[in-house]
Amino acid sequence: QCLAVLQGHESWVRDAAFHPCGSWLLSVSDDRSIRVWEISNRRCVRTLADVHPQFVVCLAIHPRGYLYATGGSEGVARLWGDRLRA
C-alpha cells in the first residue's frame, strides 16, 4: 500500500534515498534539484535548486549522513556536505 505521495518536483524523479537518521527522504529530479522531505509530516523542508546544469540522475548518502553525492546527466558527480540538513 502507498503510505504517502510527495509532490513538489517539476519533472521526473530519478532517485530517492532515506537519510540514516530515519527522519528524511532525499530525492533528485530532472528539474535539477535536490529535495529533502520530512517523513513524519510528508512535506518538503529544503530544496536545493540548479545543483547540476542538466538532469540530476542519481543520489547516494553516506551511512553517517554527513556527505551526499549526486550524479548529473552531464557526466559529473558532485559531493555535498551538511548543506542539505533541514
* Which of the residues that make up the stretch 18-45 are of a type in the set (S, T, Y) and open to solvent by less than 50 Å² (accessible area, probe 1.4 Å)? -> S27, S29, S33
* **Considering residues of the stretch 61-82 that are in contact with a Leu (Cβ under 7 Å, 6 or more places away or on another chain) and outside any strand (DSSP E or B) only, the residue modelled with the highest pLDDT** => L67
* Selection status of H9, under 19 Å from G81 (Cβ atoms) and in a loop (DSSP other than H, G, I, E, B) -> no
* Asked: In the stretch 63-75, how many residues are out of contact with any helix residue (DSSP H, G or I) (no Cβ under 6 Å at 6 or more places or on another chain) and either among the charged types (D, E, K, R) or open to solvent by less than 60 Å² (accessible area, probe 1.4 Å) (or both)?
  -> 9
* Asked: List, please: which pairs have Cβ atoms under 9 Å, are six or more places apart or on different chains, and start with a residue in the stretch 1-12 that is over 13 Å from L26 (Cα atoms) and end with one that is part of a loop (DSSP other than H, G, I, E, B) and open to solvent by 100 Å² or more (accessible area, probe 1.4 Å)?
  -> L3/R42; A4/R42; V5/R42
* Asked: Is one or more of the residues making up the stretch 23-36 in contact (Cβ under 8 Å) with a residue 60 or more places away in the chain and assigned to a strand (DSSP E or B)?
  -> yes
* Could you check how many residues of the stretch 17-46 are farther than 18 Å from A69 by Cβ and of a type in the set (S, T, Y)? => 2
* Asked: What about D50, is it open to solvent by less than 30 Å² (accessible area, probe 1.4 Å), more than 11 Å from the chain's Cα centre (by Cα) and either polar (S, T, N, Q) or modelled with pLDDT of 95 or more (or both)?
  -> no
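The values are calculated or read from the model by the stated rules, or taken from the named source; none is laboratory data. Because the structure is predicted, anything quoted here is derived from the model rather than measured. Positions of Cβ are generated from backbone atoms using ideal geometry, with glycine treated the same way; all protein chains shown enter the neighbour counts. With ligands, DNA and RNA removed, areas are computed over all heavy atoms of the protein, side chains included. Shrake-Rupley method; radii C 1.70, N 1.55, O 1.52, S 1.80 Å.
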